[in-house]
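A.B. asks: Please read through the structure below; I'll follow up with questions.
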Amino acid sequence: MKPAKFNYLRPSSLEEAVHYLSEYGEDAKILSGGQSLIPLLNMRLSTPKYLIDIGRAEGLSYIQEEGESLVIGALTKHREIEKSELVKKKCPLLSEAIRWVGHEQIRNRGTVGGSIAHGDPSAELPCVLTALRGEVVIADVNGEEIVSPEEFFLTYMLTSLQPDQLVKEIRFPILKPTSGSAFVEVARRHGDFGLVEVAAVVDLSENGSFSEVKLAIGGVNSVPTALGDVERLLVGKEPTEEIYKDASVLTMEMIEPESDLHGTAEYRRELSGTMVIRALKQATIRAQGGRVM
Ligand SMILES: Cc1cc2nc3c(=O)[nH]c(=O)nc-3n(C[C@H](O)[C@H](O)[C@H](O)COP(=O)(O)OP(=O)(O)OC[C@H]3O[C@@H](n4cnc5c(N)ncnc54)[C@H](O)[C@@H]3O)c2cc1C
């Protein structure tokens, strides 16, 4: 199929892009890597009058360490994150999760800003950002605004972005060298969005109990969800089969999955419980200095 007619704009800078958005925002769509938007245009599920292609806007593709965060420009490709030694060292959770995004071809084109702005509750990067309590930097003609994942992701494919705003960069907190992290996912086929995915980071105190836990789940609620109650349950406890089981039961109580073509709500709930145990165990073994294959 072919897209409906649109006017094509290609800003060469962030300033030009937000200027176009302030003028045409209500009738416009930002185009980044096009891996999600182009199919939507071709199927005419999206028919913007203006397409603002920021793909060649300068200064929006970077991965850098700033204070306690890894700051990633919106136009940075998934593949660049996957290959980055800095990401591997400072935020191994992100390196592990990015390999689950589609196929290599998709990761060569898709961008981190596109993945976050698209707001798919099954997408990997929103789940990681939610687990780490990272930040989304939004820009418009008036300047910048920083929002939390909780404020940003509103429901299925809907974010707090206003028509005149775009995602400028994403800030992922750097993990402590002593922490262990794990990203686990079950998808029906290689490259598919996950049915359930869990991101976990744990830190252990000297006596071996959990001193800090960060946990989020994707694919089961309308937005990626931080499992705060489960985190609080775990802190101060030793990693035992019993506590993993308690974490699993509490997770299953906290989520509200729906049935769809890919799986029933009951299946997703059961799977979520299993995946939380799996993520926590892997992260804990890594925090203890072991390797998980
Ligand atoms: C076969 C297939 C499998 C896939 N599997 C996965 C998967 O397993 N996991 C996963 O996470 N993704 C998956 N994807 C989606 C892929 O990761 C996309 O790259 C991503 O969703 C969007 O990134 P993009 O740069 O291509 O954005 P685009 O397609 O260009 O844009 C997507 C949406 O975000 C908006 N947008 C883009 N950039 C910005 C910005 N900077 N500011 C504001 N709005 C913006 C656009 O207007 C559009 O609404 C898959 C895609 C395909 C085709």
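A.B. asks: In terms of the Cα gyration tensor, with a ≥ b ≥ c the square roots of its eigenvalues, is segment 54-130 rounded because a/c is under 1.5, prolate because a/b exceeds b/c, or oblate?
C.D. replies: It is rounded, given that a/c, with a ≥ b ≥ c, falls under 1.5.
A.B. asks: Counting helices only, and only those DSSP H runs with n ≥ 4, report the 222 nm mean residue ellipticity of the chain as the sum of -39,500 (n - 2.57) divided by its residues, in deg cm²/dmol to the nearest 500.
C.D. replies: Working: 12 runs with 106 residues, N = 293.
The helix contribution divided over the chain gives -10000 deg cm²/dmol.
A.B. asks: What is the sum of charges around P224, taking Lys and Arg as +1, Asp and Glu as -1, for the other residues whose C-beta is under 12 Å from the C-beta of P224? All intermediate terms of the calculation are to be shown ahead of the outcome.
C.D. replies: On the way: positive: R133; negative: D120, E124, E150, E197.
Summing Lys and Arg as +1 and Asp and Glu as -1 gives -3.
A.B. asks: Using only the alpha carbons of segment 53-92, determine the length spanned along each of the three principal axes and report them from longest to shortest in whole angstroms.
C.D. replies: Taking the Cα atoms of segment 53-92, the three principal extents are 32, 21, 9 Å.
A.B. asks: I would also like to ask the following. Most fluctuating residue of G67, G134, G25 in a GNM of the chain with Cα springs under 10 Å: which is it?
C.D. replies: Looking only at G67, G134, G25, the biggest GNM fluctuation is shown by G67.
A.B. asks: Sort S272, S115 from largest to smallest accessible area, using a 1.4 Å probe on the heavy atoms of the protein chains.
C.D. replies: Listed by decreasing accessible area, they come as S115, S272.
A.B. asks: Starting from the eigenvalues of the Cα gyration tensor, five times each then square-rooted, give me the equivalent ellipsoid semi-axes of segment 147-293, largest first, whole Å.
C.D. replies: On the way: eigenvalues 138, 81, 40 Å².
Computed over segment 147-293, the values are 26, 20, 14 Å.
A.B. asks: Ratio of Rg to Rh for segment 95-161, alpha carbon only, Kirkwood?
C.D. replies: Expressed as Rg/Rh, it is 0.98.
A.B. asks: Springs between alpha-carbon pairs under 10 angstrom, Gaussian network model over the chain: which of G113, G191, G180 fluctuates most?
C.D. replies: Judging by the Gaussian network model, the answer is G191.
A.B. asks: Still on this structure, I have one more. At q = 0.11, 0.12, 0.13, 0.25 Å⁻¹, what base-10 log of I(q)/I(0) does the Debye formula yield for segment 5-91 when every alpha carbon is treated as an equal point scatterer in vacuo?
C.D. replies: For segment 5-91 at q = 0.11, 0.12, 0.13, 0.25 Å⁻¹, log10 I(q)/I(0) is -0.39, -0.45, -0.52, -1.16.
A.B. asks: Rounded, prolate or oblate: which fits segment 113-199 when a ≥ b ≥ c are the square roots of the eigenvalues of the alpha-carbon gyration tensor, with rounded for a/c under 1.5 and prolate only if a/b beats b/c? Could the numbers behind the result be given before it?
C.D. replies: Values: a/c = 2.68, a/b = 1.38, b/c = 1.95.
Oblate.
A.B. asks: Restricting to Cα pairs below 8 Å that are 6+ residues apart, what does the relative contact order work out to for the chain? Please round to a whole percent.
C.D. replies: Answer for the chain is 16 percent.
A.B. asks: Here is a further query. For segment 37-51, just list the computed ³J(HN,Hα) in residue order, Karplus coefficients 6.51, -1.76 and 1.60, θ = phi - 60°, integers in Hz, with x standing in for Gly and Pro.
C.D. replies: Whole-Hz 3J(HN,Hα) from phi for segment 37-51: 6, 4, x, 5, 5, 4, 7, 6, 7, 9, 10, x, 7, 10, 10.
A.B. asks: Straight-line reach only, C-alpha to C-alpha below 24 angstrom: list the lysines that K90 could link to, leaving out same-chain residues fewer than 8 apart.
C.D. replies: K77, K168, K176, K214, K281
A.B. asks: From the phi of every residue in segment 196-211, what ³J(HN,Hα) in whole Hz does the Karplus formula 6.51 cos²θ - 1.76 cosθ + 1.60 yield, where θ is phi - 60° and glycine or proline is x?
C.D. replies: Values, residue by residue: 9, 9, 9, 10, 9, 10, 10, 10, 10, 8, 4, 7, x, 7, 5, 9 Hz.
A.B. asks: Using a Gaussian network model of the chain whose springs link C-alpha atoms within less than 10 Å, name the residue from G34, G228, G143 with the highest mean-square fluctuation.
C.D. replies: Highest fluctuation among the options: G143.
A.B. asks: Roughly speaking, to the nearest percent, how much of segment 51-161's 1.4 Å accessible area is carbon and sulfur? Can you show the working numbers first?
C.D. replies: On the way: 2150 of 4690 Å².
Carbon and sulfur: 46 percent of the exposed surface of segment 51-161.
A.B. asks: Per-residue HN-Hα couplings for segment 123-140, Karplus 6.51 cos²θ - 1.76 cosθ + 1.60 at θ = phi - 60°, whole Hz, x for Gly and Pro?
C.D. replies: Rounded to whole hertz, the list is 6, 6, 5, x, 5, 5, 4, 5, 4, 7, 6, x, 9, 10, 9, 10, 10, 8.
A.B. asks: With every protein chain kept in place and ligands, DNA and RNA left out, what is the accessible area per residue of the chain? Probe 1.4 Å, answer in Å². Write out the running numbers ahead of the final one.
C.D. replies: Details: 14150 Å² over 293 residues.
Per residue, the chain has 48 Å² of solvent-accessible surface.
A.B. asks: May I pose another question? Taking a quarter of the surface of the Cα convex hull of segment 41-189, what do you get in nm²? It would help to have the intermediate numbers written out before the result.
C.D. replies: Values: hull surface 39.3 nm².
That works out to 9.8 nm².
A.B. asks: Could you calculate the FRET efficiency of V147 with E253 from 1/(1 + (r/R0)^6), where r is the beta carbon distance between them and R0 is 35 Å, rounded to 0.05? If you can, show how the numbers build up before the last one.
C.D. replies: Details: r = 28 Å, r/R0 = 0.81.
Efficiency computed from Cβ-Cβ geometry: 0.80.
A.B. asks: Between rounded, prolate and oblate, where does segment 1-55 land on the alpha carbon gyration tensor, with a ≥ b ≥ c its root eigenvalues, rounded for a/c under 1.5, else prolate if a/b exceeds b/c?
C.D. replies: In terms of gyration-tensor shape, prolate.
A.B. asks: Check which residues have an amide H placed less than 5 Å from S69's amide H, if you skip close sequence neighbours.
C.D. replies: Placed amide hydrogens put I174 under 5 Å from S69.
A.B. asks: Still on this structure: For a distance above 25 Å, tell me the whole-number percent of Cα pairs in the chain that qualify.
C.D. replies: Working: 20167 of 42778 pairs.
Above the 25 Å cut-off, the chain has 47 percent of its Cα pairs.
The values are calculated or read from the model by the stated rules, or taken from the named source; none is laboratory data. The model shown is predicted, which means the values in this text are computed figures rather than measured ones. Backbone-built Cβ (ideal geometry, glycine too); neighbour counts: all protein chains shown. Note: areas computed on protein heavy atoms with side chains; ligands, DNA, RNA excluded. Shrake-Rupley method; radii C 1.70, N 1.55, O 1.52, S 1.80 Å.
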